[in-house]
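Reading through the structure tokens given below for one structure.
FYI, it's all coordinate maths here, none of it is from the lab. The model shown is predicted, which means the values in this text are computed figures rather than measured ones. Positions of Cβ are backbone-derived with ideal geometry, glycine not excepted, and every protein chain shown enters the neighbour counts.
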Amino acid sequence: AATDMDKLVSLCKRRGFIFQSSEIYGGINGFWDYGPLGVELKKNIKEAWWTDMVRNPPIGPKGEEITMVGLDCSIIMNPRVWEASGHVSGFSDPMVDCKTEGCKSRFRADQIPGMACPLKPSKAPGQYEKCSLTEPRTFNLMFQTYVGALQDASSVAYLRPETAQGIFANFKNVVDSSRVKVPFGIAQIGKAFRNEINPRNYTFRSREFEQMEIEFFCHPDESRMWYEWWRDLRKSWYARMGISSDKLRPREQDEKELAFYSCGTTDIEYLFPFSDEPAELEGVAHRGAYDLGQHTKFSGQDLTYFDETAWERDKASHGTNSFKEFAKKPENAELLGKYQYLPHVIEPSAGADRFTLAVLCEAYTEDKVPNDKGGEEERLVLKIHPRLAPIKAAILPLMNKDGLPEKAMALYRELKAEFNVFYDDKGAIGRRYRRQDEAGTPFCITIDPESMTNDSVTIRDRDSLKQRRIPIREVANEIRAALRP
Ligand code: ATP
């Protein structure tokens, strides 16, 4: 499995999916850059998520429309946010250091129990003895910085370690400004930062990464239903994005693992080639009223939700028009929660980089294809779902003469207004196909001499290798059909 990962990493670098950050300076541990193909892939992933979850979410569990809105919050927030959320006091990992003099190795105590100490060679050549480790200490994972010119305790701020808190902090703003009614969700895509002790496994555990998070607010009585609905929806979304193999493994946390405020969390895990254990792509968590409760306490603001529709419907039966009056009467205490309450929260929280890596791992395929000489040759192909593929189609004139390039260029110009397409007229056609296979391009459109007489092209399918001849005016439709959610 280790070699599989090496091959993928080398393909990603060679073809411009992922580079080490600041590579010309030797890189920086835990930071990555996306190259020309990688940025398109990751953008498509974020766009597919936004389209399917925010703009056009599926119909709800009772056949109802689901209300979803978006947010884009600042990365640096008032530090009180992170006190309220528990991150200042509790967002830490246990860290151990090597006790060998001069050895700077430092590990997450729960993840890497015994590592070779580079300063302690053993008798066997090329082997090292294990680090002897200190007792674990807690290490807060939040990156700190200062805001403004004064650098003291009063100006300390943090780079957000998750996007979720920006959503909770804006809960009231969104309710007051956009007429949303519970149940509804707020979604955000954005960078998050964690000073991970051991960044590793390529982009899987980085120090700067992007999250795609939803906080779905609902009535406490319905929260179990919504938790199950989101859990199943998020599972099936990954399958729809092409992660259909048995490598996708949702795992419901058992009671010991659950946060104290949670009555259910499912980790959607993927079996990456770097490990025998599946690893988390997304956590779908039932967070109860914990977050809004904490922010109520720390901000002093009233973050309860008033269900006006329910009150308007029932007020006549309560014999008053004024909710305030109704609320004052002790005998109504038990009924108040029906109209005014702190919503419960279901949080599907996904990592854009982890999913990008899973798409690449899942897509990476070595197979054999017929070559021009009647034999077979090895091919490396990324079988990425067309919706996510960086390039949707390559436009290839078979030869560089007889008007073929001009006709191909005209088609390219027409298509690029709508899709990310690629024009390539260099080299043997077989080699051009191979290059597109490695980039994960689902279609190769070839303009050949016949195209000049009857306005037709061949369209080659990346996975089946089948070629069909279709009218040139149908090309855009073919691509569009493959990209439909
Ligand atoms: P892990 O246990 O792997 O550290 P976590 O449980 O701390 O992850 P969450 O706090 O639930 O992660 O964050 C939600 C999502 O954000 C994760 O499912 C993952 O996709 C992504 N994520 C978290 N930490 C990182 C990281 N260091 N690098 C890349 N993505 C990350």
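Over all distinct Cα-Cα pairs of region 225-294, the Kirkwood formula returns a hydrodynamic radius of 13.0 Å. Counting neighbouring Cβ atoms within 10 Å and putting the fewest first, the residues E40, E312, E414 line up as E312, E414, E40. Of the three principal axes defined by the Cα atoms of region 169-293, the extents in descending order read 46, 32, 29 Å. Sequence-distant contacts, meaning Cα pairs under 8 Å at least 6 residues apart, place the relative contact order of region 93-140 at 45 percent. Of the two radii for region 44-103, the radius of gyration is 1.27 times the Kirkwood radius, both from the alpha carbons; that is the Rg over Rh value. Here the peptides 241-251, 336-346 are ranked by packing, the mean other Cβ count within 10 Å, and the order with the highest first is 336-346, 241-251.
Three semi-axes describe the equivalent ellipsoid of region 347-455; taken as square roots of 5 times the Cα gyration tensor eigenvalues and ordered largest first, they are 30, 20, 9 Å. Annotation: Cα Rg of region 434-485 relative to the compact-globule expectation 2.2 N^0.38 Å equals 1.16. Eigenvalues of the alpha-carbon gyration tensor of region 391-483, scaled by 5 and square-rooted, set the equivalent ellipsoid semi-axes at 17, 15, 13 angstrom, largest first. Taking the inverse of the mean reciprocal distance over all distinct Cα pairs, the Kirkwood hydrodynamic radius of region 70-120 comes to 14.2 Å.
The trypsin sites (Lys or Arg not before Pro) of region 135-226 that DSSP puts in a loop, and whose beta carbon has at most 12 other beta carbons within 10 Å, are R179.
Applying a 4.7 Å Cβ-Cβ cutoff to the chain leaves C12, C73, C218, C263, C361, C444 as cysteine residues with no disulfide-compatible partner. Here region 93-140 is described by how far its Cα atoms reach on the three principal axes: 38, 20, 13 Å, from widest to narrowest. The ranking of E418, E334 by Cβ neighbour count inside 10 Å, starting from the fewest, reads E334, E418. In angstrom, the C-alpha Rg and Dmax of the chain are 27.2, 90. Report the Stokes-Einstein translational diffusion coefficient (µm² s⁻¹, integer) for region 357-397, Rh taken as the Kirkwood radius over Cα pairs, at 4 °C with viscosity 1.567 mPa s. Calculated translational D: 108 µm²/s. Kirkwood hydrodynamic radius of region 296-422, from the reciprocal of the average inverse Cα-Cα distance over all distinct pairs: 22.1 Å.
With each label modelled as a point 7 angstrom along the Cα→C-beta vector, the R55-D6 pair spans 4.3 nm. Considering only alpha-carbon pairs that sit under 8 angstrom and 6 or more positions apart, the relative contact order computed for the chain is 13 percent.
Annotation: peptides 455-463, 211-219, ranked by per-residue average of other Cβ atoms within 10 Å with the highest first, follow the order 211-219, 455-463. Using the Cα coordinates of region 126-220, the gyration tensor eigenvalues translate into equivalent-ellipsoid semi-axes of 36, 20, 12 Å, sorted from longest to shortest.
Starting with the fewest neighbours, write out H87, H318 ranked by other beta-carbon atoms found within 10 Å of each beta-carbon.
In increasing order of surrounding Cβ atoms, one gets H318, H87.
Other residues lying with their Cβ under 15 Å from the Cβ of F422 contribute a combined charge of +4, Lys and Arg counting +1, Asp and Glu -1.
Output the 0 to 90 degree angle, nearest 10, between the alpha-carbon long axis of helix 2-15 and the longest principal axis computed from the alpha carbons of the chain. Between the helix axis and the principal axis of the chain, the angle is about 70 degrees.
Placing unit charges on the Cβ atoms only, positive for Lys and Arg and negative for Asp and Glu, gives the chain a dipole magnitude near 920 debye about its Cα centre.
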